[in-house]
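I have placed the structure first, in the form of structure tokens, so that the comments after it can refer back to it.
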């Protein structure tokens, strides 16, 4: 699965040639060989000067070949950029007989170009490596036979076999077997995740709604057990294929700094050309020869070429995006990468973002001397007959927390819409529901119990009462509990300088306040519909200028679209999250947020450093060449050195680790 990559910087070009992809580098080296041969002939031998000249002319050909191609391509588009300035400078040097310095200029420019391209490719290879993770073939089950076919031939609902310790060849759902899956290539998680077969493979919901413990992704690595997987996505639609495609596309989306640099170059290059042309005629007003004036003009031309400036931001942006992709985070271009680094305010969705997204049994309170185990057995038997999500959550937690199993002694269950359920248990009438149901059925609720209910409700719990033959025997509470890592993550963000962390939720304000208090949020806004969240984001943007919205990328898409940076969690397998978010955390781990914000800030710092280096060099070299302190050779050497410095500085991002 190889993706095409577009080039977006002024130095990028993909010329082929007699040596393949490395032709440009080899041409630069050959140019260097002839340049140094000319120097040796000129200063260390008694050979005629014409042989040194021939060597320098040969250097012009090999050193200037790709630079000329690039310049011609730009000129056809009406653009006059760095390559054009270099060709003009080399031609001018030849015109005044300074073949040696012109050859040095083209040799160093071409070798710098080639080495810079090599360094930039290191960042691109981090992205391309993702595409190589996908296996090329799959073992498909056809009746009693297992056949190996190319992954491109897989169809939806095919059953594939994945052997132990091999790569998974399609996005799908496990229908047989269980294993630990290494998902680092997709989500960045270092620890393998336990996965198991889904209970009902015939009635599947949408791919993104299937429980993560049943889903597998292309390119991830199976553990020690064989698996049977039902294919749910074609190879070109797999999560990893989309990830590689999107990371490749982000190269064309320029950051604010890149756009500002481009604007600067547009007026700077013509200004330099005007200055250089003017300097060519300096001999008319000052006491020097025309040759000296042209030499100075060419020196200024070389000094003013913003090579390092042109590459400083793209190299940092690409390296930052490549590092994020390796960590399981998709950043869609330079704009969100830069914006993330300047944020001080983050808004969060509650359900599934700051909380587990699943209700948990939080309190079991038997009343009137009722035995706790007997109370739980009764509740489990009744609730296990219900399909309501809260009933399923209660049943699951009673089994796992209290090690109690159903005894199938409940029957005649009947749902009472919006209030609860009625059932028979060992011949007795059972009610499980809210206060309203109990009042309607004449079940007495004491003042003490009523105050307990009020306290639980104020703390964000959903409360259910249980009665046996019209007598209250206990109460239960459930709650969508905070993620284990939410509190420590928010504390880390606070330490990083995030001043405002606000929760936007459709739940009751009490629920929001309770969660906010537990995990350390600045504020909670409850009872919000999706359109209310958009309004809240707009108000926060007016107040704080820039704001990120963190959610699941589905229900929160409108709010994300209105925020400065939309961040989707758990984007692996979710087309909607990948499309709507500016930043997609492939795993649903909120603890990845500090990593991506830290990386963004490091990227911003490196971009600033690169700009200061590149602009500083130009600011020093122009006056130095103007007054004759620096020759063409010195200007070229310093320029190409600064270009490599900014690229190598940017590549430091590939090794970024959160402190």
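Taken over the stretch 260-273, the criterion of being surrounded by fewer than 19 Cβ atoms within 10 Å (Cβ to Cβ) and modelled with pLDDT of 80 or more is satisfied by 260, 263, 264, 267, 268, 270, 271, 273. Taken over the stretch 557-580, the residue count meeting the criterion of being assigned to a loop (DSSP other than H, G, I, E, B) and at pLDDT 80 or above is 2. Among the residues of the stretch 25-52, those that are in contact (Cβ under 8 Å) with a residue 24 or more places away in the chain and within 53 Å of the chain's Cα centre (by Cα) comprise 25, 27, 28, 29, 30, 31, 32, 34, 35, 38, 39.
All conditions but one from (1) surrounded by 17 or more Cβ atoms within 10 Å (Cβ to Cβ); (2) in the same structural domain as residue 586 (by TED's automatic domain parsing) apply to residue 381; the one that does not is (2). Count of the stretch 510-556 residues, restricted to those that are in a loop (DSSP other than H, G, I, E, B), farther than 20 Å from residue 335 by Cα and at pLDDT below 90, is 8.
Please verify whether residue 425 is surrounded by 17 or more Cβ atoms within 10 Å (Cβ to Cβ), at pLDDT 90 or above and either touching a helix residue (DSSP H, G or I) at 6+ places or on another chain (Cβ under 7 Å) or over 14 Å from residue 469 (Cα atoms) (or both), treating the condition exactly as stated. Criteria met by residue 425. Annotation note: of 82, 41, the sole residue that is at pLDDT 80 or above and surrounded by 15 or more Cβ atoms within 10 Å (Cβ to Cβ) is 41. When you check residue 599 against the structure, is it at pLDDT 90 or above, under 26 Å from residue 314 (Cα atoms) and in a helix (DSSP H, G or I), yes or no? For residue 599, the condition - at pLDDT 90 or above, under 26 Å from residue 314 (Cα atoms) and in a helix (DSSP H, G or I) - is met. Looking at the stretch 483-495, can you tell me whether even one residue there is in contact with a strand residue (DSSP E or B) (Cβ under 9 Å, 6 or more places away or on another chain), free of Cβ contacts under 8 Å to residues at least 60 places away in the same chain and surrounded by fewer than 21 Cβ atoms within 10 Å (Cβ to Cβ)? Yes, because at least one residue in the stretch 483-495 is in contact with a strand residue (DSSP E or B) (Cβ under 9 Å, 6 or more places away or on another chain), free of Cβ contacts under 8 Å to residues at least 60 places away in the same chain and surrounded by fewer than 21 Cβ atoms within 10 Å (Cβ to Cβ). The set of residues in the stretch 606-629 being without any contact (Cβ under 8 Å) to a residue 24 or more places away in the chain and assigned to a helix (DSSP H, G or I) consists of 608, 612, 616, 619, 620, 623.
I'd like to verify a number: residues in the stretch 358-378 that are part of a helix (DSSP H, G or I) and in contact with a helix residue (DSSP H, G or I) (Cβ under 7 Å, 6 or more places away or on another chain), how many?
The number of residues fulfilling the criteria is 1.
Residues that are in a helix (DSSP H, G or I), at pLDDT below 85 and surrounded by 20 or more Cβ atoms within 10 Å (Cβ to Cβ) occur in the stretch 286-301; there is at least one. Looking at residue 254, is it touching a helix residue (DSSP H, G or I) at 6+ places or on another chain (Cβ under 9 Å), within 30 Å of residue 590 (Cβ to Cβ), at pLDDT 85 or above and outside any helix (DSSP H, G or I)? Here the answer is no, as residue 254 does not meet what is asked. The single residue among 230, 195 that is assigned to a strand (DSSP E or B) and free of Cβ contacts under 8 Å to residues at least 40 places away in the same chain turns out to be 195. State whether one or more residues within the stretch 106-123 are at pLDDT 90 or above and touching a helix residue (DSSP H, G or I) at 6+ places or on another chain (Cβ under 8 Å). Checked the stretch 106-123: no residue is at pLDDT 90 or above and touching a helix residue (DSSP H, G or I) at 6+ places or on another chain (Cβ under 8 Å). Scanning the stretch 339-357 for residues that are part of a helix (DSSP H, G or I), surrounded by fewer than 24 Cβ atoms within 10 Å (Cβ to Cβ) and within 16 Å of the chain's Cα centre (by Cα) yields a single hit, 339.
The values are calculated or read from the model by the stated rules, or taken from the named source; none is laboratory data. The shown structure was predicted, so the numbers you read here are calculated from the model rather than taken from an experiment. Note that each Cβ is placed from the backbone with ideal geometry, even for glycine, and that neighbours are counted across all protein chains shown.
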